[in-house]
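The values are calculated or read from the model by the stated rules, or taken from the named source; none is laboratory data. Computed from a predicted model, the values in this text were never measured in an experiment. Positions of Cβ are generated from backbone atoms using ideal geometry, with glycine treated the same way; all protein chains shown enter the neighbour counts. The area values use the complete protein model at the heavy-atom level, side chains included, leaving out ligands, DNA and RNA. Shrake-Rupley method; radii C 1.70, N 1.55, O 1.52, S 1.80 Å.
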Amino acid sequence: MSTHEESHRGPSEIPPARANEPAAPAHLLLLLHAHLPFVRHPEHPEFFEESWLFEAVLECYLPLLQVLDGWERDRIPGGLTLSVSPTLLSMWRDPLLGQRLRQHLERLICFAEQEAIRAHFLPQRQRIAHFYCHRLRTLRTQLKDIGGDLAAAFGRHAREGRLELITCAATHPTLPLLLDEPGALRIQLRTAIDAHARSFGEAPTGFWLPECAWDPELEPFLLEAGIRWTVLETHGVLNATPRPQRAIFAPVRTAGGLAVFGRDPRSARQVWSRQGGYPGDPRYREFHRDVGHEADWEYVRPHLHGASERTFTGLKFHRVTGPGPGETKALYDRDEALAAVQEHAAHFVAARVQVAGAAAQHLRTPAVLMAPYDAELFGHWWFEGPEFLDAVARRIAASQVGLTLTTPSQSLKHTPELQTVQPAASTWGEGGHFGVWLDPANAWTQVPLRRAGHRLTTLASQLAAQAQDPLTERLMAQASRELLLAQSSDWPFLMKMGTAGSYPATRFREHLAAVNRLLDAINGGNLATG
């Protein structure tokens, strides 16, 4: 997370506001980046890591659709921005994963029903179990109503103006690390944009940089791909050359015309921070206390998807209560949690109004506050997160607070005069400068990854001058897919965090091995590996 504060520029460095001009509402841009690594294992009847998708669908994506449905029903104005990674989009539309999701949901409903029976003599715990039963059955009905097609459901809201849908790179690589491989970089961008257009009917104009990773040399590639705006971590904009006159309170543009928004750090801290952020309120549901870790193993095991040891089930009966994982956690109270949501939504909106008002004293245009988050925070890590988003939008809609909830593309229509700057290289994450993805725990991946990329591009150049048979074309296409999957930033991130065991390193090695086997098959095993 960034530790940069808002700009400390003096009034003389920022164009003064025009006298007697009525204040226009500030623009609040809520952007959710929805992404998961591509995990699909048809060779196994069940595979544990597929549960990452199932948890996110049930706890985040379907609840987010419920929020949008509610805005449609109640005519709540405003817009949300959702970045959907191509790997996630592919998993949403995969029939096998869709079938396994439904099976997982049925198991979970059965488990919740058993928990309600098990808590027969514990009224408060039984109320929570009944809450889960109702919630999960509602999700089952919702999934059936949309035909299991989340992409179509989100696409409908985009067409009706409640949502701006954007994409990111095909397999979520840290793009500046591919600058030495322009062919691979272009394939990452083009594959993503094509997948987005096939699913949603039009190419995106906005682009989420995976890991918020920016280098100035990316600009021509993004413009060539038709991208018109993106988002950087706070210090990527504040450290631009020349320094931005309006700090992060207005988008800037690069020399080539790419619009760039900088993240509002205060909105990040209030929602995302482990210390003092809203999710740490003692009334919210505790993420780490789960029946999967607490009940008898023989009782839990039939309800786990492909797990050979204890893991999360999604049935959590305790609230945060206080710091630490101790055994004194109080039971969850849904009404108290929803009351906290309303309090925090009111505080969040008031804080944005205050920041925008202070900035507006020196701006000629409405202040723009970009607030991007990982989508999976809302509902998965922070169970009440979707309700918070809903409450924020409704509070803005119901009162004249000097704030409007809108999207980057709409905001740009009202801020036509952008200062031209060169944003600084940056990422989000620990350190803010690529350290997470070039850590001693994962740096070993770079050399074999470059070798594989060099082999593939060399062979592609050799084959370009001659007609190819269909089998060779298929092998080259699959080798390209394997290389794209190996380039994902998820593998080095998980290696650095140490939260997924050997799985990320295994996946990385398997994809690279597949690339080399396919290239050997095409070249008869004679292609040099250097």
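Give the longest segment of the chain that steers clear of trypsin sites (Lys or Arg not before Pro) in DSSP loops with at most 11 neighbouring Cβ atoms within 10 Å, not counting the sites themselves.
275-530
On average over all directions, what projected area in square nanometres does region 182-322 have, based on the convex hull of its Cα atoms?
Over all viewing directions, region 182-322 projects a mean Cα-hull area of 13.2 nm².
Out of all DSSP beta bridges in the chain, what portion is antiparallel? Express it as a percent rounded to 5.
Expressed as a percentage, antiparallel bridges in the chain total about 15.
Hey, could you pull the Cα Rg and Dmax for the chain, both in Å?
24.1, 77
Per residue and in Å³, how big is the convex hull formed by the alpha-carbon atoms of region 83-153?
93
Pop the C-beta distance of Gln478 and Gln361 into the FRET formula with R0 = 51 Å and round what comes out to the nearest 0.05.
0.30
Relative contact order, percent, of region 364-436 when contacts are C-alpha pairs under 8 Å separated by at least 6 residues?
Relative CO of region 364-436 lands at 15 percent.
Calculated FRET efficiency, Leu122 and His347, Cβ-Cβ r, R0 41 Å, to nearest 0.05?
Rounded to the nearest 0.05, the efficiency is 0.75.
Mind listing the long-range amide H neighbours of Ile166? Cut-off is under 5 Å, sequence gap 5 or more, other chains count too, H placed in the peptide plane at 1.01 Å from N.
Amide H to amide H, under 5 Å and 5 or more residues apart or across chains, Ile166 pairs with Leu82, Ser83, Val84.
What is the distance, in nm, between label points placed 7 Å from the Cα along the Cα-to-Cβ direction at Arg107 and at Ala255?
Placing both labels 7 Å beyond Cα along the Cβ direction yields 5.6 nm.
What does the accessible area per residue of the chain come to in Å², with a 1.4 Å probe and no ligands, DNA or RNA counted?
On a per-residue basis, the chain sits at 43 Å².
Per the helix-only calculation at 222 nm, which mean residue ellipticity applies to the chain, given -39500 (n - 2.57) for every DSSP H run of n ≥ 4 and division by its residues, nearest 500 deg cm²/dmol?
Using -39500 (n - 2.57) per qualifying helix, the result is -14500 deg cm²/dmol.
What translational diffusion coefficient, in µm²/s and rounded to a whole number, does the Stokes-Einstein relation yield for region 372-530 at 4 °C and a viscosity of 1.567 mPa s, taking the hydrodynamic radius as the Kirkwood radius over Cα pairs?
64
Need the list of lysines near Lys329 for cross-linking: C-alpha distance under 22 angstrom, and skip anything on the same chain fewer than eight residues off.
Within the straight-line cut-off, Lys329 pairs with Lys316.
Amide H to amide H, which residues 5 or more places from Ala250 or on other chains are under 5 Å from it, using H placed in the peptide plane?
For Ala250, whose amide H was placed from the backbone, the distant partners under 5 Å are Val368.
Applying 1/(1 + (r/R0)^6) with R0 = 25 Å to the Cβ-Cβ distance of Thr457 and Thr420, what FRET efficiency is obtained, to the nearest 0.05?
0.15
Assuming 0.36 nm per residue, please report the length gained on full extension of the stretch Ala467 to Arg137 beyond their Cα-Cα distance.
Extending this stretch completely gives an extra 113.3 nm.
Per the 1.4 Å probe, what fraction of the accessible area of the chain, in percent, lies on carbon and sulfur atoms?
54
How high is the relative contact order of region 379-515, in percent, counting Cα pairs under 8 Å that sit 6 or more residues apart?
Taking the mean separation of contacting Cα pairs over the length of region 379-515, I get 22 percent.
Given 0.36 nm per residue, what is the gain on full extension from His130 to Glu336 after removing their alpha carbon distance, in nm?
Stretched out fully, the His130 to Glu336 stretch lengthens by 72.5 nm.
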